[in-house]
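The values are calculated or read from the model by the stated rules, or taken from the named source; none is laboratory data. Remember, it's a predicted structure, so these values are computed and weren't measured experimentally. Glycine gets a Cβ as well: all are built from the backbone with ideal geometry, and neighbour counts include every protein chain shown. Protein only, heavy atoms only, side chains kept; ligands, DNA and RNA dropped before computing areas. Shrake-Rupley method; radii C 1.70, N 1.55, O 1.52, S 1.80 Å.
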Amino acid sequence: MQRVALDEVGAGDDERVRSGPQRLRAGAARLGTWAARRPARAVVAAVGVLAVLLAAFVAAPRWISSQEREAVLGTAQFPGALRPLGSAPRERWSATIDGSVTPVLAGDVVVAAQGASAGRRIVGLDVVAGHERWSVALDDSLVPETVLCRPIDAELVCVVGPEAPSDSRRVVPDDPDRPDAPGAEVSESVLFRIDPADGRVLSRSAVPGWVVATAQVRSDLVVATYAWGMLAVRRLDPSTGAERWETERWSTFHSAGSSRVRLVAAGDLVMATGNEVTLLLDARTGERVPRPAGSSVTDHVRLLDDGTLVRTRFRVRDGGVDAVSELSPGRGDPVTTVRGTLVRPGVSDGRSGLVFTASGLTGSPYGGRVRAYGPGSPEPVWRALTPAPEVTADVAGRVVVRGGGALVGLDALTGEQVWRRSFGPAIGRTFTDGEHLVVERDATGGVPVLTALSLDDGATVWDAPLPADAPRPLRLGAHLYAVGDSRLVALR
């Protein structure tokens, strides 16, 4: 220990360092003295300070809300992606909905259905806070079992009507004298045009038949309906309900639920598929597009969302069934021919430019495996060695394939395996924000969980349990939601 002398010469009481409370009391005393000497100025200053504080108190929440709204409505890095998810999302708000109707995003509202057949309504929920902004009541005369909504331009278009019957005796009137003949039981659906900002019904028009699917062609609505064993596709003007064209074809399926019919409109084509029915139509006239020379009725035809028409031809070989896929820009001649069945990535940032196929030759070493082709090239750039016929993502230099309950990350340039994660048969949907792959899976005990994997090395970044009453993840815009039978949860 060493003794140190303290020099306090000249350090009087006034020169000592004051504490915070001492300085505060001294300042208040000086302010009080000034106010006593100049009372008029003191009143003006007090009013000014109060006004500033009140303005800040009112403006701060609005500013915070506007910033949150801007972030929620902001776009992602590429179509189909999420906003960055560096940490596990949490529940921001929830609302009671009818989970059988898929919610859609229109402007800054989430559109959903509430209630049963009696008292059912369409509601617009604020995308930021979740409160109800507006509602449109659906009268009982509509029997609103089916509700199909989609945004078109700056408006919301909803088709509402009764669910198509599954009993063939009611939809195919072979003998009108039978006691169970449908007679006048065919119902009409109703097309609503709604302003998504305030819920005003701008127009209402009738659509004949049971509507089972919808699509969009420019500013028009395309609907697929079913009645009396006939599948009909119509292009309608949403503002008036006027029919621009109609095409019909007899259908052999008796259950006309929306899951049985898929309707795609892209480029200048419209395609309706369901069971044994395939209609490829000109989007401008509704006329059926003829098959090209050399094609067969056994060819599998698909219309992709970007307007690419894919025609796959199958050939039987000793080792199994082989396939060749031709890719055409709409009705033009094929620009690419690749071996195998075309496989579309669940989401892609478009950087690699690769086209993927899967082989069906079970006896081949590459049977059930993915091939990658460069743009316009008939020869594959690489072949995946792992037996996984699905491509989950093609993002950030990684191609993630899926098969047998496992996700495998491949190098997009070489196809070499970089990482592998096994989740078993409980694996569900996948999403990405450009850096992570978010996987829906069941954890121990059957609890639904979202797990974020690094696209770079497959390592787990975070786990987020989903609500027990809203176990199904859903992407709306650039954010994730969780949906249950009667609840919608916004995850942020």
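Taking 0.36 nm per intervening residue step and subtracting the Cα-Cα distance, what contour gain separates Ser486 from Thr102 on full extension? List each step's numbers first, then the result.
Values: separation 384, 0.36 × 384 = 138.24 nm, distance 1.15 nm.
Between Ser486 and Thr102, full extension yields 137.1 nm more.
Could you tell me whether segment 188-343 comes out rounded, prolate or oblate from its Cα gyration tensor? Rule is a ≥ b ≥ c as square roots of the eigenvalues, rounded for a/c under 1.5, then prolate if a/b exceeds b/c, otherwise oblate.
Values: a/c = 2.45, a/b = 1.86, b/c = 1.32.
Prolate.
Quick one: net charge of Gly286's neighbours, Cβ under 13 Å, K/R +1, D/E -1? Before the final figure, lay out the partial values.
Values: positive: Arg234, Arg235, Arg244, Arg249, Arg284, Arg288; negative: Asp220, Glu243, Glu246, Glu248, Asp268, Asp282, Glu287.
Local charge sum for Gly286: -1.
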Problem set entry | segment 213-225 - phi-based ³J(HN,Hα) in whole Hz, Karplus 6.51/-1.76/1.60, Gly and Pro as x | 6, 9, 8, 10, 10, 6, 9, 9, 10, 10, 10, 10, 10
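For a Förster distance of 45 Å, can you work out the FRET efficiency between the beta-carbons of Ala28 and Ala459, rounded to the nearest 0.05? Mind showing how you got there, number by number?
Numbers: r = 57 Å, r/R0 = 1.26.
After rounding, the FRET efficiency stands at 0.20.
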Problem set entry | Where labels lie 7 Å past Cα in the beta-carbon direction, separation of His131 and Val449 in nm | 3.7 nm
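Could you tell me which of rounded, prolate or oblate describes segment 304-355, using a ≥ b ≥ c as the square roots of the eigenvalues of the alpha-carbon gyration tensor, with rounded for a/c under 1.5 and, failing that, prolate when a/b is larger than b/c and oblate otherwise? Please list the in-between numbers first.
Details: a/c = 2.56, a/b = 1.50, b/c = 1.70.
Cα axes put segment 304-355 in the oblate bin.
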Exercise. Once both labels are modelled 7 Å past Cα along the beta-carbon direction, what's the Ser219-Ser203 spacing in nm?
Worked result: 1.0 nm
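Provide the gained length on full extension for the span Val301 to Arg288, in nm with one decimal, where the gain is 0.36 nm per separating residue minus the Cα-Cα distance. Don't jump to the answer; show the numbers that get you there.
On the way: separation 13, 0.36 × 13 = 4.68 nm, distance 1.36 nm.
Value of the extension gain: 3.3 nm.
How much of the accessible area of segment 90-152, probe 1.4 Å, is carbon plus sulfur, in whole percent? Each step should come with its number before you reach the end.
Working: 1220 of 2550 Å².
On segment 90-152, the fraction of accessible area on carbon and sulfur atoms equals 48 percent.
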For this session: Report the paramagnetic label zone for Asp153: residues of segment 232-249 whose backbone N is under 18 Å from a point 7 Å from Cα along the Cα-to-Cβ axis.
Result: 235-245
Seminar exercise, completed: Taking protein heavy atoms only, a 1.4 Å probe, and rounding to whole percent, the accessible area of segment 393-492 owed to carbon and sulfur comes out at 48 percent
For this session: When a/c is below 1.5 the answer is rounded, else prolate if a/b is larger than b/c, else oblate, so apply that to segment 420-487 with a ≥ b ≥ c taken from the square roots of the Cα gyration tensor eigenvalues.
Result: oblate
Exercise. Once phi is turned into θ = phi - 60°, what whole-Hz ³J(HN,Hα) does the Karplus curve with 6.51, -1.76 and 1.60 give for every residue of segment 459-471, x standing for Gly and Pro?
Worked result: 6, 6, 9, 7, 10, 9, x, 8, x, 4, 9, 9, x
Exercise. What ³J(HN,Hα) values, in whole Hz, does the Karplus curve 6.51 cos²θ - 1.76 cosθ + 1.60 give for segment 150-159 when θ = phi - 60°, with x put for Gly and Pro?
Worked result: 7, x, 10, 6, 9, 10, 10, 10, 10, 10
Seminar exercise, completed: Sorted by chain and number, the residues with a modelled amide H under 5 Å from that of Arg244, at a separation of 5 or more or across chains, are Arg235, Leu236, Asp237
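Are there GluC sites (Glu not before Pro) in segment 397-479 that DSSP puts in a loop and that have at most 12 other Cβ atoms within 10 Å, and which ones?
Those that pass, being in a loop and sparsely packed, are Glu416.
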Exercise. Near the amide H of Val381, under 5 Å away, which other amide H atoms are found, from residues 5 or more places off or on another chain, if H is placed in the peptide plane?
Worked result: Ala372, Tyr373, Gly374
Exercise. Between Phe78 and Trp250, what length comes free when the chain is fully extended (0.36 nm per residue of separation minus the Cα-Cα distance, one decimal in nm)?
Worked result: 57.9 nm
